[in-house]
Amino acid sequence: MRTANDNSDRPPYLEAVTLQAGTEPTRKRHGEAAEAAFLARATALGFSVCIPWGDSNRYDSVVELNHGLLRVQVKSATRYAETRYRVKTTGASGKIYTSKEIDFFVGYVVPEDIWYIIPIQSIGERKGIRFYPTTRRPSRAMFEKYRETWCLLDSCLAVRLRKGAPRRCRSKNIDIRCALCPQRG
């Protein structure tokens, strides 16, 4: 650690922090654990993350890196059934999330430790979406292009509103490669 007497120009020693969340088997607890995992992952990637007080908002978190504040809804899937994982794209009331309420829908496949960062416009009117992380059938892989696309949280609105995901990563601020990044740049 850097001390108060250390006048060097080098950055302080950075230490990785691993967060694990255990939960009772209720939907509410699973959701809280997924939100905590999102907070840990996004913070580790350099995003500032704000958590709204209470659970009256339609979003779980607000993230910021370089392109303003973005509202994020996090949902998790824990059960593999019929060759897929499924998450609801609605709140408890059954109302579908819209672009007036959130900017990104984040799906977390817990057993596989896979994140899907999806612009809300790509969800459309679906009440649920399916993830097929192990499929080889492109017809089923509709949302696989959003796997680990953390760079979209650091992209401008014009990039996010294009049909489908961008052809290459637009972020110069994130040190990981997303599914869109066969090469950086």
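The values are calculated or read from the model by the stated rules, or taken from the named source; none is laboratory data. Keep in mind it's a predicted model, so treat the numbers as computed, not measured. Methodologically, a virtual Cβ is constructed for each residue, glycine included, from the backbone with ideal geometry; neighbour enumeration extends over all protein chains shown. Areas reflect the complete protein model, heavy atoms only, side chains present, ligands, DNA and RNA absent. Shrake-Rupley method; radii C 1.70, N 1.55, O 1.52, S 1.80 Å.
Numbers below:
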read-out	value
Selected residue (only one of Gly107, Gly46 is touching a residue at least 60 places away in the same chain (Cβ under 8 Å), of a type in the set (Gly, Ala, Ser) and surrounded by 12 or more Cβ atoms within 10 Å (Cβ to Cβ))	Gly46
Subset of region 135-152 [open to solvent by less than 90 Å² (accessible area, probe 1.4 Å) and more than 29 Å from Gly46 (Cα to Cα)]	Thr135, Arg140
Scope region 107-143; condition in contact with a Pro (Cβ under 7 Å, 6 or more places away or on another chain) and either of a type in the set (Asp, Glu) or modelled with pLDDT under 85 (or both); matching residues	Glu112
Residues being on the phi > 0 side of the Ramachandran plot and either among the β-branched types (Val, Ile, Thr) or in contact with a strand residue (DSSP E or B) (Cβ under 8 Å, 6 or more places away or on another chain) (or both) - total across region 74-97	1
